[in-house]
Amino acid sequence: MDQNQSSERHEIAVVGAGPAGLTAALLLKAQGFDVVLIGPRHAADPRTTALLTGSVNVLDAAGAWDAARPNAAPMRTMRIIDATNRLVRAPEVAFEAGEIGLGAFGFNIANEALNAALADSAAAAGLAWIEAPVTDVVHAGETITLTAGDRTLAARLAVAADGARSFLREAAGIAVRTWDYPQHAFVTTFGHSGSHHDTSTEFHTPSGPFTVVPLESRRSSLVWVERAEEVARIETLSDRELSREIEQRSHRILGAVTVERPRGSIPLGGMVARKLADKRTVLVAEAGHRFPPIGAQGLNLGFRDIAGLVEMLIAARRNTADLGGAGTLAAYEKSRKTDIESRTLAVDLLNRSLLSGFLPASAARGLGLYAATRFGPLRRFMMREGLTPSIGAPRLSRGLPLG
């Protein structure tokens, strides 16, 4: 159908119904935009997400945090332990949220629980939702026309929140830069006899981080980054064997471990889009960038994309500018570029420093953590920057009201 023949019209179409897409659509609707969400509901997901304070602020503004909070566990302490056994090792460092005036750095929640809370919030808000994938895109003039299922609609702007293999990004002709790591991330959840004390612990090993993050009661989630061949071995272990190995790798800090189902693994790599916006399309979250699950940065960076986009759109509406026009797209691109590039680089350097036996790389990482243990102002700066960058962070992520 030609876009001029489409009878269904909206200001904004958000494509992708995962956490990023649902949050973007809810936040836009809460700000009074005429928005439609397009995409099938997500399938079962064994992973969890550590939502830092900026992301909690975004979810709260979107009207979804109250539904998610009962299933989320606070992270009051973040601990890093150097388990590389190399010549130069970093000291153990523990970052305490109370030192920077916070009750918690954020909350860890199962992805299925987060998706369910967002879907319930969408229903309560009366969000228009087409539960079908986009199969065709037409860019022409002042609209972008999307076909999903048996419906065709036109919008002033399309928000691509449809993941690393984004259909909308490809339709807009936006190229990407990709790279691979010789690692997979093995993920599961487990119960344990000891208390986690609301502490997330990241063991730095020669093959990548081994990270346990608190869940409710005496349960934790695990992200175990390992060489691909080692993950293949881990996946063959029985639940009893795997429980025993997690106990050993975690130095028994949580006591006896009982692995739960499901479990899974994903190959690790990175991707950044050459542009974040073009042809009435903007990229958010994994449609625009993707990197390993290290340091709880991935979805939190995506939520800052969403908050920044909403700021740009509110400013465009105030100035009666075209929501999908060149000026609005350029403002979004400029506002997000530094944050995305710096976080992508930081995660890449950390991961490569663990994989490399190069002494200066290990020394630099160790020196940074040593300085954090010795100098309070530096430690507090690192904590604040780890949560939300001081330069260029959207107002909403910093807990400030939208203009």
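The values are calculated or read from the model by the stated rules, or taken from the named source; none is laboratory data. From a predicted model like this one, the values you see are computed outputs, not experimental measurements. Positions of Cβ are backbone-derived with ideal geometry, glycine not excepted, and every protein chain shown enters the neighbour counts. The protein model used for the area step is the full one, side chains on, heavy atoms only, and it has no ligands, DNA or RNA in it. Shrake-Rupley method; radii C 1.70, N 1.55, O 1.52, S 1.80 Å.
Residues in the range 27-38 that are out of contact with any helix residue (DSSP H, G or I) (no Cβ under 6 Å at 6 or more places or on another chain) and open to solvent by less than 20 Å² (accessible area, probe 1.4 Å): 4 in all.
Candidates are the residues of the range 266-279 that are open to solvent by 40 Å² or more (accessible area, probe 1.4 Å), in a strand (DSSP E or B) and touching a strand residue (DSSP E or B) at 6+ places or on another chain (Cβ under 8 Å); the one that is farthest from R177 (Cα to Cα) is I266. Selection of the range 16-52 for residues being hydrophobic (A, V, I, L, M, F, W, C) and in a helix (DSSP H, G or I) yields A20, L22, A24, A25, L26, L27, L28, A30. Residue selection: A73 satisfies the criterion of being of a type outside the set (V, I, T) and within 19 Å of the chain's Cα centre (by Cα). Taking the range 53-142 and the strands (runs of 3 or more DSSP E) fully enclosed by it, the elements with 3 or more residues that are out of contact with any Gly (no Cβ under 6 Å at 6 or more places or on another chain) and buried (at least 20 other Cβ atoms within 10 Å of the Cβ) are at 77-82, 106-110.
Flag: A185 does not match the condition of being surrounded by fewer than 23 Cβ atoms within 10 Å (Cβ to Cβ), out of contact with any Lys or Arg (no Cβ under 8 Å at 6 or more places or on another chain) and not in a loop (DSSP other than H, G, I, E, B). Scanning the range 298-328 for residues that are in a helix (DSSP H, G or I), open to solvent by less than 20 Å² (accessible area, probe 1.4 Å) and among the hydrophobic types (A, V, I, L, M, F, W, C) turns up L301, F303, I306, A307, L309, V310, L313, I314, A316. Does the range 162-176 contain at least one residue that is open to solvent by less than 10 Å² (accessible area, probe 1.4 Å), in a strand (DSSP E or B) and under 23 Å from N300 (Cα atoms)? The answer is no, given that none of the residues of the range 162-176 is open to solvent by less than 10 Å² (accessible area, probe 1.4 Å), in a strand (DSSP E or B) and under 23 Å from N300 (Cα atoms). Contact map, the range 375-391: residues that are touching a residue at least 40 places away in the same chain (Cβ under 8 Å) paired with residues that are aromatic (F, W, Y) and surrounded by 13 or more Cβ atoms within 10 Å (Cβ to Cβ), Cβ distance under 6 Å, separation 6+ or inter-chain. Pairs shown: M383/F95.
Counting the residues of the range 206-245 that are open to solvent by less than 40 Å² (accessible area, probe 1.4 Å), in a strand (DSSP E or B) and within 26 Å of F107 (Cβ to Cβ) gives 13. Taken together, the residues in the range 280-297 that are open to solvent by 40 Å² or more (accessible area, probe 1.4 Å) and basic (K, R) amount to 1.
Report yes if some residue within the range 246-261 is open to solvent by less than 50 Å² (accessible area, probe 1.4 Å) and part of a helix (DSSP H, G or I); otherwise report no. Yes, the range 246-261 has at least one match.
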